[in-house]
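One structure is given here, and the rest of the page talks about it.
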Amino acid sequence: MTSMIRRPQLFVPVILLVILLVYPLAASDTKYQQSVLILCFLFAIMASGWNLISGLAGYVSLGHSVYLGIGMYTGAILGKAWGVDPMYLAPLGAAMAAIVAIGIGAIVLRTRSHAFVIITIAVLLSFQLLAANLKQLTGGSEGIIVQAPSWAAEFGNLPYYYIFLAILVLTVTLSAFVMSSRLGAGLVAIRNDEGKAGSIGINTTVYKVTAYALSAIPFGAAGAVYGQYLSFVNPLGAFAILTSVYLVLAALIGGRGTLWGPVIGGFVVAIANEMATNASGGISARVLIMGIVLILTVMFLPAGLLPTLSAVAARRRSRGAAVKFIDQTAIADSSSEVDTSVIAARSQHRSGSGDAILEVRDLVKTFGGVNAVDGVSLTVQRGSITGLIGPNGSGKTTLFNCMTGTFSPTSGRVLLDGRDITGEKVWTRAHDGLGRTFQITRLFKSMTVLDNLVAPLDRTSAGQMVAGRYSGEEVERAREVLTFMGLQEFEKQNTAALSFGQQKLVELAQVLMLRPSIILLDEPASGINPTLIDKLAAVIRKLNEAGTTVLIVEHNIPLVLGLCDTVNVLAGGQILVSGTPQEIRNDPRVIEAYLGPDHMLEVPNA
Ligand code: ADP
Ligand code: MG
């Protein structure tokens, strides 16, 4: 366990924190240094907050300083109304930023990649406009003057220094917590492959909006303090695009997705900015210098300082150590030692619709005028192994995508356990017992085999999000499932190091973690070694014996005819024929449609 949970090295950060705490008191006349360090803290706070949505989940926001502005205005407006120093309203700034972020996040997180980036900028500019026009509330483009607190004359910036430092410590603590939680694991899964994350039960909408709201909190808190520190709050200063660019630059330089990268980057950017200002004396030269730094970072340090340095250190350490060779077909034959209850399906709720576990009725899916699936009705009997075969492009994968909720069908219904699930989300269907693997394996590439296995979620709840990544029984269960599949020795491997066939088995193991009552397998045997095909067939049989229904798409006809109870043949988006393997084998229409008139199906005497 301990090797898995990479505890952050706390020694160095604690020493640095003590130095920062003592420094202004111990050294004499540190006014200037304090003001530079305050900017360092501010950028580290913002870059760390941004990292929660953009580093972990991969949704790059270029307008995140909007939440700094919201904190600044919250502090200034409420401070004035209540006669309180805005800096003490930091918790309210944080709350306001989070609330606004939930509303905005629920809308903007529906878009992805470039569209998302553009929209985040638009949001920032909209708030700038709003602040300039809501004169009653914000004082318009003139802004709001914030009085200096009464202690200012005596202590200078010292209280600000400590408040920003405290917010930074809280922000890093929040980051560390998120990164070690299931929420963090889910966000990294979303960054790797959002569609896949949904298919293993991760409610991507809730996860993304939560991360977005959490990421706004440090901005809101810091904003309330920053407004008073600056002594005025106006639209151009509070909602500045340049602030967003700087904080993104900070996270990129330090290393996004890491705990300390954004903090280091925040210090680097603030100090570089200060040096550039001193050297040039003008804002335009400063922007030019920072632009060049940004270009150089993206070109030469795409992963950021911290990941690059730790990669170099890791290479140093492993130098001389033998490279572990992974046998492309290696599979331990340990499944007989494992109780099949490990892979048993969850208990079923039969709901009186005969024995159909999965059913589609008159399903049509159209892509720009082409009917990929053209009126398919199909029943999968509970407890069966059902086959779905057909030439390439006949609509098999599209049918799977409609069944699992990846696509919504143009018309027609999908029923699971007799219940209409046509409108249900992908993750809800996964929670309801529908599992699937992909034609091209979609494992999370940045994660180990074990991390891939503990990623699936069987429900969406706050308790589960805040739970530690490895806190439940999942790790134990993951090891049992891996052992059942003969994959136990690959636990710590990165999935990219495995052969194609091994990856397919890992993906199946991943789906099994949720104990699905039915699994859809999309070409599980294609492109894999014959040794692994035998293993796969044995696993499918065992799964079925343990109560799991299987629907399998496969081009390996002998495998399908040997395994299945019923086989459906799809051609041109329509069911050509359904029947027992014996009937399919002898049906001339199948031979014609599938292989052309000159072929015979070679079938083992099953
Ligand atoms: P199969 O899995 O049987 O090989 P598919 O379901 O992948 O077939 O594809 C069926 C048809 O639908 C093909 O003509 C394919 O080009 C088309 N198709 C599949 N997915 C999409 C998509 N996302 N956009 C447009 N066309 C698609
Ligand atoms: Mg396909």
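Key figures for this structure:
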{"quantity": "When residues of segment 391-448 are limited to those that are basic (K, R), farther than 18 Å from N568 by Cβ and surrounded by fewer than 23 Cβ atoms within 10 Å (Cβ to Cβ), the one farthest from ligand 2 (Cβ to nearest atom)", "calculated": "R419"}
{"quantity": "Filter result (assigned to a strand (DSSP E or B) and not β-branched (V, I, T)) within segment 117-157", "calculated": "none"}
{"quantity": "Count - residues of segment 51-63 that are touching a Lys or Arg at 6+ places or on another chain (Cβ under 8 Å) and either part of a helix (DSSP H, G or I) or outside the structural domain of A224 (by TED's automatic domain parsing) (or both)", "calculated": "5"}
{"quantity": "All positions within segment 205-245 that are open to solvent by less than 10 Å² (accessible area, probe 1.4 Å) and of a type in the set (F, W, Y)", "calculated": "Y207, Y212, F219, F239"}
{"quantity": "Cβ-Cβ under 8 Å pairs, at least 6 apart or on other chains, segment 546-563 side assigned by TED's automatic domain parsing to the domain that holds K504 and open to solvent by 10 Å² or more (accessible area, probe 1.4 Å), far side within 16 Å of ligand 1 (Cβ to nearest atom) and acidic (D, E)", "calculated": "H555/E523"}
{"quantity": "Qualifying positions in segment 545-577 - in a loop (DSSP other than H, G, I, E, B) and either within 16 Å of ligand 1 (Cβ to nearest atom) or touching an Asp or Glu at 6+ places or on another chain (Cβ under 6 Å) (or both)", "calculated": "E554, H555, N556, G572, G573"}
{"quantity": "Criterion violated by G486 - all others in (1) closer than 21 Å to A344 by Cβ; (2) open to solvent by 20 Å² or more (accessible area, probe 1.4 Å); (3) of a type outside the set (S, T, Y) satisfied", "calculated": "(2)"}
{"quantity": "Qualifying position, being in contact (Cβ under 8 Å) with a residue 40 or more places away in the chain, crowded, with 24+ Cβ neighbours inside 10 Å and over 23 Å from A148 (Cβ atoms), among G69, G93, G75, G55", "calculated": "G55"}
{"quantity": "Considering residues of segment 367-387 that are within 9 Å of ligand 1 (Cβ to nearest atom) and part of a strand (DSSP E or B) only, the residue surrounded by the most Cβ atoms within 10 Å (Cβ to Cβ)", "calculated": "V373"}
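The values are calculated or read from the model by the stated rules, or taken from the named source; none is laboratory data. Computed from a predicted structure; not experimentally measured. Every residue, glycine among them, receives a Cβ derived from its backbone with ideal geometry; neighbour counts consider all protein chains shown. Calculation scope for accessible area: heavy atoms of the full protein, side chains included, ligands and nucleic acids excluded. Shrake-Rupley method; radii C 1.70, N 1.55, O 1.52, S 1.80 Å.
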